[in-house]
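The values are calculated or read from the model by the stated rules, or taken from the named source; none is laboratory data. As the structure is a prediction and not an experimental result, all values here were calculated from the model. Only protein heavy atoms, including side chains, enter the accessible area calculation; ligands, DNA and RNA are left aside. Shrake-Rupley method; radii C 1.70, N 1.55, O 1.52, S 1.80 Å.
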Amino acid sequence: QVQLVESGGGLVEAGGSLTLSCAASETIFSIAAMGWYRQAPGKQRDLVATLTRGGTTTYPDSVKGRFTISRDNTKNTLYLQMNSLKPEDSAVYYCNAVQWGQNYWGQGTQVTVSS
């Protein structure tokens, strides 16, 4: 079982930046795919970014060019660098790992962007 712990959320003004971290309980290089999702109140959980074991990244148009997903294999940590933040980016951000067909989630970290 993969355990994930997010950190780095907070309150930031529009146009600002934040970096989220996700510490994994096992070697992330061995995990098939990892990603970030977000969920605003009353809305579904949406994909923000994914990173495969092979290094392929995907982003929806809403964050493309502003957000960057990366990992540090030596620290077993996944990151999400968020730039040019907008109020509509406000949500709880969740780290996700897919391994052996199972989905694992962190507890989430709140990001609030003020206008």
HN-Hα J in Hz across segment 38-47 - Karplus 6.51, -1.76, 1.60, θ = phi - 60°, x for Gly and Pro: 9, 9, 8, x, x, 10, 6, 7, 10, 5
Among 89, 72, 61: highest mean-square fluctuation, GNM of the chain, C-alpha pairs under 10 Å: 61
With DNA, RNA and ligands ignored, accessible area of residue 47 (1.4 Å probe; Å², nearest 10): 70
By accessible area with a 1.4 Å probe, ligands and nucleic acids excluded, highest first: order of 66, 53: 53, 66
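Under a 1.4 angstrom probe, counting protein chains only, how are 105, 36 ranked by accessible area, largest first? Can you show the working numbers first?
Numbers: 105 100, 36 0 Å².
From most accessible down to least: 105, 36.
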Listed residues 55, 101, 35, most fluctuating in the chain (Gaussian network, C-alpha, under 10 Å): 101
Over the chain, relative contact order from alpha-carbon pairs under 8 Å, at least 6 apart, %: 37
Among 56, 68, 19, residue whose mean-square fluctuation peaks in a GNM of the chain (springs only between Cα atoms under 10 Å): 56
For the chain: span of alpha carbons on each principal axis (Å, largest first): 40, 26, 23
Nonlocal amide H pairs with residue 49, under 5 Å, H built at 1.01 Å: 36
5 angstrom amide H check on residue 71, placed H, neighbours 5+ away: 79
Area accessible to solvent at residue 29, 1.4 Å probe radius, in Å²: 110
Under 28 Å from the Cα of residue 86 - lysines, other chains or at least 8 residues apart: 43, 64
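Keeping the other protein chains in place, figure out the carbon and sulfur percent of the accessible area of the chain, with a 1.4 Å probe. Don't skip to the answer; put the middle values down first.
Values: 2920 of 6020 Å².
Of the solvent-accessible surface of the chain, carbon and sulfur hold 49 percent.
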Residue-normalised accessible area of the chain, expressed per residue, 1.4 Å probe, Å²: 52
